[in-house]
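Asks: Just passing along the structure, written as structure tokens.
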Amino acid sequence: MIWTFLSTAVWLICAAGLQAALSQRLAVGWAQPDFLLIAAVILSLQRSPQAASATGFFAGLFSGALLNERMTALVISRTLVCVLSVKVYSAFLGRGALTAAVVTAVATLAAGVIYLLLALEKDILGWLADTMGAAIYNGVVAVPAYGLHRWLSRAPSRG
């Protein structure tokens, strides 16, 4: 229990660091990765909906703190998307890196739409284009993130 909490905290803090330091530098065209959303979804895939909602809540808090805007919309969208990702991932028969990539892409689209409904962006078409690009980018980045998470979770515990 405490190990799960601590590992989730470390994952989210590392993702927040990546988000702040590298997200804009790794942009391809209009698409840039959302490392916090990727980490939250990957961490939520094999957890209960309650644990996934807590993961999404804290990922939304970190996102709001980094972006310094519309924290309520970010928290609500991340919380709902993490719970949704648990349900979608459990519906697939073959659960692996490709499934995690698809679920992450769908979660990014859902988070973008929920955020758009709550935050009311001025440039809706631009926001949707950014969300589509981010969904593809996040789906690609989710494959190594899923592999790293699986590898670290299988590591023998010390002590």
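Laboratory data are not the source of any read-out in this text; all were calculated from the coordinates shown. Keep in mind that this is a model prediction, so the values were computed, not measured. Quick reminder, even Gly has a Cβ in these numbers, built from the backbone with ideal geometry, and neighbours come from all protein chains shown.
Asks: Once label points are set 7 Å from the Cα along Cα→Cβ at both Val113 and Ala65, what is their separation, rounded to one decimal in nm?
Replies: The modelled label-to-label distance comes out at 3.1 nm.
Asks: Still on this structure, please answer the following. Separation of the range 69-92 and the range 40-60 by C-alpha centroid, Å?
Replies: The range 69-92 and the range 40-60 have Cα centres spaced 8 Å from each other.
Asks: Okay, next question. What is the sum of charges around Val86, taking Lys and Arg as +1, Asp and Glu as -1, for the other residues whose C-beta is under 15 Å from the C-beta of Val86?
Replies: Local net charge: +4.
Asks: Now for a separate question. Are there chymotrypsin sites (Phe, Trp or Tyr not before Pro) in the range 57-159 that DSSP marks as loop and that have at most 15 other Cβ atoms within 10 Å, and which are they? Write out the running numbers ahead of the final one.
Replies: Values: sites: Phe57, Phe58, Phe62, Tyr89, Phe92, Tyr115, Trp127, Tyr137, Tyr146, Trp151; in loops: Phe92.
Sites meeting the loop and neighbour criteria: Phe92.
Asks: Would you work out which of Leu6, Ser85, Gly60 lies farthest towards the positive end of the dipole of the chain, given +1 charges on the beta-carbon of Lys and Arg and -1 on that of Asp and Glu, about the Cα centre?
Replies: After comparing all options, I get Leu6.
Asks: When the chain is treated as a GNM, springs tying every alpha-carbon pair under 10 Å, which of Val41, Val143, Val81 comes out with the largest mean-square fluctuation?
Replies: Checking each option, the largest mean-square fluctuation is seen for Val143.
Asks: Now for a separate question. Can you compute the charge dipole magnitude of the chain about its Cα centre, using +1 on each Lys and Arg Cβ and -1 on each Asp and Glu Cβ, nothing else charged? Give it in debye, rounded to the nearest 20.
Replies: 560
Asks: In the chain, if the dipole is taken from +1 on Lys/Arg beta carbons and -1 on Asp/Glu beta carbons about the Cα centre, which of Ser153, Ala27, Ser44 is farthest to the positive end?
Replies: Value computed over the given set: Ser153.
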